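**Q** First, the structure itself, so that you have it in front of you.
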Amino acid sequence: MSKLGRKEREYRERRSAVLRAAELIFSKKGFHKSTMAEIAQIAEFATGSLYNFFKNKADLYLTVIDERSEELFQSIGKEIANVKGSLEERITSLIKAHLAFFEKNSNFFKIFLTQRAAFEGITKDEMGDKAHKIYLKYVDMVAEIIEGGIKREELKGLNPRETSYALLGMLNSIITYWLTSGRKRGSLIPKASALVEIFFKGTTNPSSSQV
């Protein structure tokens, strides 16, 4: 593999700086209230120079979601690929990887989930559709894992996609609570065991009497 030339290396470094600044601003203010001028100020560039990397604010917003989501998918996929055991072991690996990724990337979580949902609720256009499809890619990835467990009769014959939504909803709710509580409750990772327990066994006490 050949080394990058100086200009290409500088271009990528500057582009990455813009993406980091955009992620910060979008996570704080959402898409509509954010401006290219604010992003340029954080990145320490002239506003006009941002258009050397991205066509407009929408292009920048979708690029943040697309590239950071791809990092998430690769992180999850890598962890799951190393697990050859039961569905419960694979789901445990997925949950831990999901929590670990968003613990390190909490600003992106606000865009990936909170701001994405708000954005789609306001605008029903091509951009909203693209943001939704990126999220659905993750839903389908998890659904495929669940479907494999159903085929091996490790889970009931449920709808894989609906079950995927349920699992991700539970995970994202825990992360939202962690963020809104000021992260005073420690790391997210130890919460994985409780989430696995709830997903596979529910919350009913087996020793409790049933009427």
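The values are calculated or read from the model by the stated rules, or taken from the named source; none is laboratory data. Since the model is a prediction, treat every value here as computed from it, not as a measurement. Note that we place each Cβ from the backbone using ideal geometry, even for glycine, and neighbour counts take in every protein chain shown. The area values use the complete protein model at the heavy-atom level, side chains included, leaving out ligands, DNA and RNA. Shrake-Rupley method; radii C 1.70, N 1.55, O 1.52, S 1.80 Å.
**Q** To make sure I understand the rule: partners must be lysines, Cα under 22 Å from the Cα of LYS84, and not fewer than 8 residues away in the same chain. Which ones qualify?
**A** The reachable lysines, counting only those whose Cα sits under 22 Å from LYS84, are LYS96, LYS151, LYS156, LYS201.
**Q** Right, another one. Send over a whole-number figure in Å² for the accessible area per residue of segment 1-77, probe 1.4 Å. It would help to have the intermediate numbers written out before the result.
**A** On the way: 4580 Å² over 77 residues.
Normalised by residue count, the accessible surface of segment 1-77 is 59 Å².
**Q** Follow-up. Once both labels are modelled 7 Å past Cα along the beta-carbon direction, what's the ARG15-ALA81 spacing in nm?
**A** Computed distance between label sites ARG15 and ALA81 equals 2.3 nm.
**Q** Using a Debye calculation, one point per C-alpha and no hydration shell, please list log10 I(q)/I(0) for segment 28-100 at q = 0.12, 0.15, 0.23, 0.28 Å⁻¹ in order.
**A** -0.51, -0.65, -0.96, -1.22
**Q** Mind putting together the pair-distance distribution for the chain? All Cα pairs, 10 Å bins, whole percent per bin, short to long.
**A** P(r) for the chain, in whole percents per bin: 7, 29, 31, 21, 9, 2, 1, 0.
**Q** Roughly speaking, to the nearest percent, how much of the chain's 1.4 Å accessible area is carbon and sulfur?
**A** Percent of accessible area from carbon and sulfur atoms in the chain: 51.
**Q** Turning to a different aspect of this structure: Can you work out the FRET efficiency for the pair PHE73 and GLU103, with r the C-beta to C-beta distance and R0 = 25 Å, to the nearest 0.05?
**A** Values: r = 17 Å, r/R0 = 0.68.
After rounding, the FRET efficiency stands at 0.90.
**Q** While we're on this one: Any aspartates and glutamates with Cα under 19 Å of the LYS130 Cα? List them, leaving off those in the same chain fewer than 8 positions away.
**A** Leaving aside aspartates and glutamates fewer than 8 places away in the same chain, those within reach of LYS130 are GLU23, ASP59, ASP66, GLU67, GLU70, GLU71, GLU120, ASP140.
**Q** Counting other Cβ atoms within 10 Å, keep those with at most 11, restrict to DSSP loop, and tell me which GluC sites (Glu not before Pro) in segment 129-176 are left. Mind dumping the intermediate values first?
**A** Working: sites: GLU144, GLU147, GLU153, GLU154, GLU162; in loops: GLU153, GLU154.
Listed in order of number, the matching sites are GLU153.
**Q** For VAL18, tell me the accessible area in Å² from a 1.4 Å probe, rounded to the nearest 10.
**A** Counting only protein heavy atoms, the figure is 0 Å².
**Q** Measure out, as a whole number of angstrom, how far apart the alpha-carbon centroids of segment 6-40 and segment 144-174 sit.
**A** Centre-to-centre (Cα) distance: 35 Å.
**Q** Just by accessible area at a 1.4 angstrom probe, what is the order of GLU13, GLU71 from largest to smallest?
**A** Numbers: GLU13 110, GLU71 85 Å².
Ranking GLU13, GLU71 by accessible area, largest first, yields GLU13, GLU71.
**Q** Right, something else. Given the options PHE112, ILE150, THR35, identify the residue whose Cα lies farthest towards the positive end of the charge dipole of the chain (+1 on Cβ of Lys, Arg; -1 on Cβ of Asp, Glu).
**A** Final value for the positive-end residue is THR35.
**Q** Sticking with this structure for a sec: Mind giving me the FRET efficiency for THR47 and ARG161? R0 is 35 Å, r the Cβ-Cβ distance, nearest 0.05 is fine.
**A** Details: r = 42 Å, r/R0 = 1.20.
Efficiency computed from Cβ-Cβ geometry: 0.25.
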